[in-house]
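S.K.: A single structure is presented below for examination.
Where a number appears in this text, it was derived from the coordinates with a stated rule and is not lab data. Since the model is a prediction, treat every value here as computed from it, not as a measurement. So basically every Cβ, Gly included, is an ideal-geometry build from the backbone, and we count neighbours across all protein chains shown.
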Amino acid sequence: MLYPIAIETGDSKHAYGVVFPDIPNCFSAGDTLEEALSNAKEAVEMYLEELAEREELPPKASDLATLQKNKEYQGWAWEIIDVDLEPYLHKRKMGQA
C-alpha cells in the first residue's frame, strides 16, 4: 500500500520529522532526510506488526491531494512510502486459525 507521509523539514539545528496522517501515533525523525525516511519505514513496520498481533487490519491510505489540503500540514513536504501489507495480513490470518 502507498502511504503518504508528511515531512517537517529540518535544518542544521533541527531534525526532519515524519508523520503518517493515516496511521495514528506513527511518526519518526532523522537528522537527514534519508535517515528520516528510513526511520519512517521502520516505524510503520513496527506499528503494523503490533496491529497484526492485536488482529487488527492496517488502515487504508488517504488520497495525497486531500491530505495536502489539511491545514495541520501546511508548509510540510510530502513523500509516499510503499509498504507491503501481506506479511501483516498473513500474521493476522494465522492468529485467527
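S.K.: In the set Ala65, Ala36, which member is among the hydrophobic types (A, V, I, L, M, F, W, C) and loosely packed, with under 11 Cβ neighbours inside 10 Å?
M.R.: When all the criteria are applied, what remains is Ala65.
S.K.: Next question, about the same structure. Tally time: how many residues in segment 50-72 are within 16 Å of Phe20 (Cα to Cα) and either touching a Gly at 6+ places or on another chain (Cβ under 6 Å) or among the hydroxyl-bearing types (Ser, Thr, Tyr) (or both)?
M.R.: Of the residues in segment 50-72, 2 are within 16 Å of Phe20 (Cα to Cα) and either touching a Gly at 6+ places or on another chain (Cβ under 6 Å) or among the hydroxyl-bearing types (Ser, Thr, Tyr) (or both).
S.K.: Then there's this: All but one of (1) in contact with a Ser or Thr (Cβ under 6 Å, 6 or more places away or on another chain); (2) more than 15 Å from Tyr73 (Cα to Cα); (3) surrounded by fewer than 18 Cβ atoms within 10 Å (Cβ to Cβ) hold for Leu2; state the number of the condition that does not hold.
M.R.: (1)
S.K.: Could you check segment 35-93 and list, in sequence order, the residues that are assigned to a loop (DSSP other than H, G, I, E, B) and among the β-branched types (Val, Ile, Thr)?
M.R.: Correct list: Val83 only.
S.K.: Starting from segment 65-80, keep only residues that are in contact (Cβ under 8 Å) with a residue 60 or more places away in the chain, then list their pairs with residues that are in a loop (DSSP other than H, G, I, E, B) and among the hydroxyl-bearing types (Ser, Thr, Tyr) whose Cβ atoms are within a distance under 8 Å, requiring at least 6 positions of separation or different chains.
M.R.: Trp76/Thr9; Ala77/Thr9
S.K.: Another one. List, please: which pairs have Cβ atoms under 7 Å, are six or more places apart or on different chains, and start with a residue in segment 10-24 that is hydrophobic (A, V, I, L, M, F, W, C) and end with one that is part of a loop (DSSP other than H, G, I, E, B)?
M.R.: Pairs found: Ala15/Asp31; Phe20/Cys26; Ile23/Pro59.
S.K.: Would you pick out the residues in segment 44-54 that are farther than 23 Å from Ala6 by Cβ and surrounded by 12 or more Cβ atoms within 10 Å (Cβ to Cβ)?
M.R.: Hits for segment 44-54 are Ala52, Glu53.
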